Each structure stands twice: as structure tokens, then as C-alpha cells.
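One structure is given below, encoded as C-alpha cells.
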Amino acid sequence: MFADLKCAIPRSINKGNVSYTSRTYRSTVNYTCEEGYSLMGPSYRVCRGKGQWEGADPSCGKLGNFNPFP
């Protein structure tokens, strides 16, 4: 049923890296930040049954320079 389902190409994140090998159902996309930056949000997301990545895009914030309560 979900064999042909694909999620969109994951968005890039500023000062970070996005890696994945597939965009099919149950595939994962992984996020990391450049040195000196910290990941805010999930380090990975999973392609779900509606063809969407679960959760929200993470971002990278400069270490010691971000507000967790915007």
C-alpha cells in the first residue's frame, strides 16, 4: 500500500547538514549542525504514510547565543 509513497526532498537547514538515502515510506532523514552550532529540534524525521516527514524541520543555533523561549 505504501510501497510507492515518497516524501518530499527534505529542506536544507542553515549552518547544518541533511542526509538521507531514500524518501520512501519509513525512511529517515538525519540532521546535524556545523561546528559551533547546536541542533534545535529533532535529529531525524521519518517519512510517514501521508507522504510527509513527521514533525517540524529543525534548525541550527549558534552555541550560547540562542533563546529556547522565542
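The values are calculated or read from the model by the stated rules, or taken from the named source; none is laboratory data. Since we're looking at a predicted model, the values are computed, not measured. Note that we place each Cβ from the backbone using ideal geometry, even for glycine, and neighbour counts take in every protein chain shown. Note: accessible area is taken over every heavy atom of the protein model, side chains too, but ligands, DNA and RNA are not part of it. Shrake-Rupley method; radii C 1.70, N 1.55, O 1.52, S 1.80 Å.
Considering only residues that are assigned to a loop (DSSP other than H, G, I, E, B) and modelled with pLDDT under 95, which ones fall in segment 58-70?
Leu63, Gly64, Asn65, Phe66, Asn67, Pro68, Phe69, Pro70 - these are the residues of segment 58-70 that are assigned to a loop (DSSP other than H, G, I, E, B) and modelled with pLDDT under 95.
Would you check which residues across segment 18-67 are among the small types (Gly, Ala, Ser) and in contact (Cβ under 8 Å) with a residue 40 or more places away in the chain and list them?
Gly49, Gly51, Ser59
Go through (1) open to solvent by 60 Å² or more (accessible area, probe 1.4 Å); (2) under 16 Å from Gly55 (Cα atoms); (3) in a loop (DSSP other than H, G, I, E, B) and name the single condition Thr21 misses.
(2)
Working only within segment 1-18, note down all residues that are more than 17 Å from Lys50 (Cβ to Cβ), part of a loop (DSSP other than H, G, I, E, B) and among the β-branched types (Val, Ile, Thr).
Within segment 1-18, Ile13 is the sole residue that qualifies.
Go through segment 24-51 and report how many residues are open to solvent by less than 60 Å² (accessible area, probe 1.4 Å), outside any strand (DSSP E or B) and under 19 Å from Asp4 (Cα atoms).
Qualifying residue count for the region: 3.
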